[in-house]
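Notes to accompany the following structure.
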Amino acid sequence: MEGQQKGGKDTALELKLKKILINWSVAATDFFHQYNQISLYLDSIHHTPRHEMNWIGQYHVPQLISLQATMRNELERLLLDIDQIDQQSIANRYEQLANHTRILRQLNQQANMLLELALLPAN
């Protein structure tokens, strides 16, 4: 990175920016995995009769459908933000990336919880 101190040591700011990028990368990878898991699961129950589709396992199917739509909307928002990246300062870009990371993590947690509930037997 530019602005490294002598001896190849990163500055505190560079370390912070690297951490933001790494955190985003991990969250984005998890997001991709969770979104695909939801899609696969919803596809697998697609042939379930409508009257049986409200509850599968311990969760309400419309919640999972709603979460999938929310995840898709967040991905679209991220892509729009990336398109506008040239118009922002470096600090704003990283702050925006950190904000997206927080949202992706929240969505990942929700997806993980709902998918785990789907595997539990219905009561």
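Residues in the range 21-45 that are over 15 Å from Ala111 (Cβ atoms) and either touching a residue at least 24 places away in the same chain (Cβ under 8 Å) or buried (at least 17 other Cβ atoms within 10 Å of the Cβ) (or both): 3 in all.
Considering the range 57-84, and only residues there that are surrounded by 12 or more Cβ atoms within 10 Å (Cβ to Cβ) and not in a helix (DSSP H, G or I), the residue that is modelled with the highest pLDDT turns out to be His60. In the range 104-123, the residues that are under 20 Å from Ala28 (Cα atoms) reach residues that are modelled with pLDDT under 80 and surrounded by 18 or more Cβ atoms within 10 Å (Cβ to Cβ) with C-beta atoms within less than 7 angstrom, at least six apart or across chains, in these pairs: Leu114/Tyr59.
The values are calculated or read from the model by the stated rules, or taken from the named source; none is laboratory data. All figures in this text were calculated on a predicted structure; none of them were measured in a lab. Backbone-built Cβ (ideal geometry, glycine too); neighbour counts: all protein chains shown.
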